[in-house]
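Data first, discussion second: the structure below is written as structure tokens.
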Amino acid sequence: MRSGDMKRWLLSVRGIFLKDVRSELRTRYAVSALVMFVITTIAIILFSLAHEAAPPEVLSGMLWVVIFFGAMSGLSRTFVMEEERGTAMTLQLLAPPSAVYFGKLLFNVVLVVALNAFTVILYLLLVAGFVVRSADVFALTMLLGSLGFASAATIIAAIIARANTKGTLYPVLSFPILLPLLVVVIDATRSATEGAPLAEAGGAFQFLISYIVVLTTLSYLLFEYIWKD
Amino acid sequence: MSEPLTVRAEGLRMVFNRRVIFDGVHFTLGATQTLLISGRNGAGKSTLIKIIAGLLTPAAGSLKFSGEQGIFVRQSLVGLVAPYLSLYDEFSAEENLQHIAAMRGLPYDRDRAHDLLRRMALFSRKDDAVHTYSSGMKQRAKYAAALLHAPPVLLLDEPMANLDGDGTATVRAIMDEHRREGLLIVATNETGDVDRCDERVDLNALR
């Protein structure tokens, strides 16, 4: 890529990201769905637990169940809304596929990090038995887990945007792709609740970084074929 | 000095679900020339426009812009107005133009944007959300969006759709101006929409 093209490409990525942010602030399509979903799911968990003391591994798993289904209810909007409103073709006309992919990925990263921060705060406040004893392991797990979620969600959203059964297809397609990530982040979250030192969770973080790099690279390479025609 | 802009199509063929839409489309268009694409409903006029705009890939054949290089070639060269393109309904006309410039990776030229909105008779409504516009106003807004980056190649698919008498006259004036400076490609059933053309592709004869 020539240097002039590179600068323009970066501006284009920023333009797509800012358009999505302003669109979200105006319509609140994704944020409303995500927040309501998280509150509802945590309320159901509290009702089902009643005053029982669940073990940390169960509570860690439940946290990621909330995050998984919360993310599934809102992260597909980036591409689905473009298709439903008929603006996907306009976007194809305005920016090269790689700029569209990274603009949408950036928006999903911001959205999923904000969602996860909200979910974790609510979960820590309301679920009595869930105590984080190793803050650094927990923070890194949440950060890398969020990035992995955003990377997977972006490419799956692009794939399902043109299908007729978008709503149901999204979590179904996401699950096998996110399963390795979920297994590792649930385990790392359990380690954080048990007070494991950072060095002990090193293997999990190496896996998460590899997962993000591989998935983002593959998505970047394949996106043009998904996005065009 | 850069070479003059030309668009050359050789043996374009398009197939949907094993059905041949058209086959053997050839044309060469140079600066200040106009191409008229005609054909009955379903003949593939919009499909051919999409191929020229880079939105579809032909099943066979090639379409080249002279001196084509870099990843923003089509985005820089082409402006398209078509019924299947939509603006962002939640934004106003001016916000749409701002975002369109940003997504193209270009600075927003406020003076040019305002000139275009005035010309398309939208300036007084530039701050209203596009979802409050009539279909004719949306069509006018699409012209402002397509012309914002001053593209040398203007592609118009059913250019007069939803426009009233004043809108039609404005679009005719835009077409005349563009003919003097760049390349104009028009797909329409109404051959009266185009006063004169240098090349013509009749898709009825290319199935």
- Task: Collect the residues in the stretch B:100-111 that are within 19 Å of the chain's Cα centre (by Cα), assigned to a helix (DSSP H, G or I) and at the interface with another protein chain (Cβ under 7 Å from one of its Cβ atoms), keeping them in residue-number order.
- Result: B:100, B:103
- Can you tell me which residue among A:129, A:145 is part of a helix (DSSP H, G or I) and either touching a Leu at 6+ places or on another chain (Cβ under 7 Å) or more than 14 Å from every other protein chain (Cβ to nearest Cβ) (or both)? A:145
- Do we find that residue A:192 is of a type in the set (A, V, I, L, M, F, W, C) and either within 14 Å of another protein chain (Cβ to nearest Cβ) or over 20 Å from the mean Cα position of the chain (by Cα) (or both) in this structure? yes
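Here's the yes/no breakdown for (1) surrounded by 15 or more Cβ atoms within 10 Å (Cβ to Cβ); (2) in contact with a Pro (Cβ under 9 Å, 6 or more places away or on another chain); (3) of a type in the set (A, V, I, L, M, F, W, C):
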{"position": "B:121", "(1), (2), (3)": "yes, no, yes"}
{"position": "B:141", "(1), (2), (3)": "yes, no, yes"}
{"position": "B:154", "(1), (2), (3)": "yes, no, yes"}
{"position": "B:158", "(1), (2), (3)": "yes, yes, no"}
{"position": "B:167", "(1), (2), (3)": "yes, no, no"}
{"position": "B:187", "(1), (2), (3)": "yes, yes, yes"}
{"position": "B:192", "(1), (2), (3)": "no, no, no"}
{"position": "B:197", "(1), (2), (3)": "yes, no, yes"}
- Which members of the stretch A:79-124 meet the condition of being farther than 18 Å from residue A:15 by Cβ, within 14 Å of another protein chain (Cβ to nearest Cβ) and either at pLDDT 90 or above or in a helix (DSSP H, G or I) (or both)? A:83, A:84
- Before we move on, is residue A:170 farther than 30 Å from residue A:46 by Cβ and either in a helix (DSSP H, G or I) or more than 14 Å from every other protein chain (Cβ to nearest Cβ) (or both)? no
- For the stretch A:23-39, enumerate the residues that are more than 9 Å from every other protein chain (Cβ to nearest Cβ) and surrounded by fewer than 19 Cβ atoms within 10 Å (Cβ to Cβ). A:25, A:28, A:29, A:31, A:32, A:33, A:35, A:36, A:39
- Item | Checklist (1) over 25 Å from residue A:118 (Cα atoms); (2) modelled with pLDDT of 90 or more; (3) touching a helix residue (DSSP H, G or I) at 6+ places or on another chain (Cβ under 8 Å) applied to residue A:211, failing item | (1)
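Can you pull out the residues in the stretch A:59-78 that are of a type in the set (S, T, N, Q), in a helix (DSSP H, G or I) and touching a Phe, Trp or Tyr at 6+ places or on another chain (Cβ under 7 Å)? Break it down stepwise before answering.
Let us first name the residues in the stretch A:59-78 that are of a type in the set (S, T, N, Q), namely A:60, A:73, A:76, A:78.
Next cut, in a helix (DSSP H, G or I) only: A:60, A:73, A:78.
A:73, A:78 - these are the residues of the stretch A:59-78 that are of a type in the set (S, T, N, Q), in a helix (DSSP H, G or I) and touching a Phe, Trp or Tyr at 6+ places or on another chain (Cβ under 7 Å).
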- Note on the structure: Scanning the stretch B:72-92 residue by residue, those out of contact with any Ser or Thr (no Cβ under 9 Å at 6 or more places or on another chain), without any contact (Cβ under 8 Å) to a residue 40 or more places away in the chain and either within 23 Å of residue B:172 (Cα to Cα) or facing chain A (nearest Cβ under 9 Å) (or both) turn out to be B:74
- Message: Need a quick list: strands (runs of 3 or more DSSP E) entirely within the stretch B:132-207 having at least 2 residues that are under 15 Å from the mean Cα position of the chain (by Cα) and in contact (Cβ under 8 Å) with a residue 12 or more places away in the chain.
- Response: B:153-157, B:183-187
- Verdict on residue B:16 being more than 18 Å from residue B:184 (Cα to Cα), facing chain A (nearest Cβ under 9 Å) and either without any contact (Cβ under 8 Å) to a residue 40 or more places away in the chain or within 16 Å of the chain's Cα centre (by Cα) (or both): no
- Message: Please verify whether residue A:170 is among the aromatic types (Phe, Trp, Tyr) and more than 30 Å from residue A:53 (Cβ to Cβ), treating the condition exactly as stated.
- Response: yes
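Every residue, every condition in (1) within 14 Å of chain B (Cβ to nearest Cβ); (2) part of a loop (DSSP other than H, G, I, E, B), yes or no:
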position: A:10; (1), (2): yes, no
position: A:15; (1), (2): yes, no
position: A:18; (1), (2): yes, no
position: A:21; (1), (2): yes, no
position: A:41; (1), (2): no, no
position: A:48; (1), (2): no, no
position: A:52; (1), (2): no, yes
position: A:57; (1), (2): no, no
- Message: Checking the structure you have, find out if any residue of the stretch B:23-37 is more than 11 Å from chain A (Cβ to nearest Cβ), more than 20 Å from residue B:171 (Cβ to Cβ) and assigned to a loop (DSSP other than H, G, I, E, B).
- Response: yes
- Could you list, in sequence order, all residues of the stretch A:215-229 that are of a type in the set (Val, Ile, Thr) and either more than 14 Å from chain B (Cβ to nearest Cβ) or more than 22 Å from residue A:90 (Cα to Cα) (or both)? A:216, A:217
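The values are calculated or read from the model by the stated rules, or taken from the named source; none is laboratory data. What you see is a predicted model; the values in this text were computed from it and never measured. For neighbour counting, all protein chains shown are included, and Cβ atoms are generated from backbone atoms with ideal geometry for every residue, glycine included.
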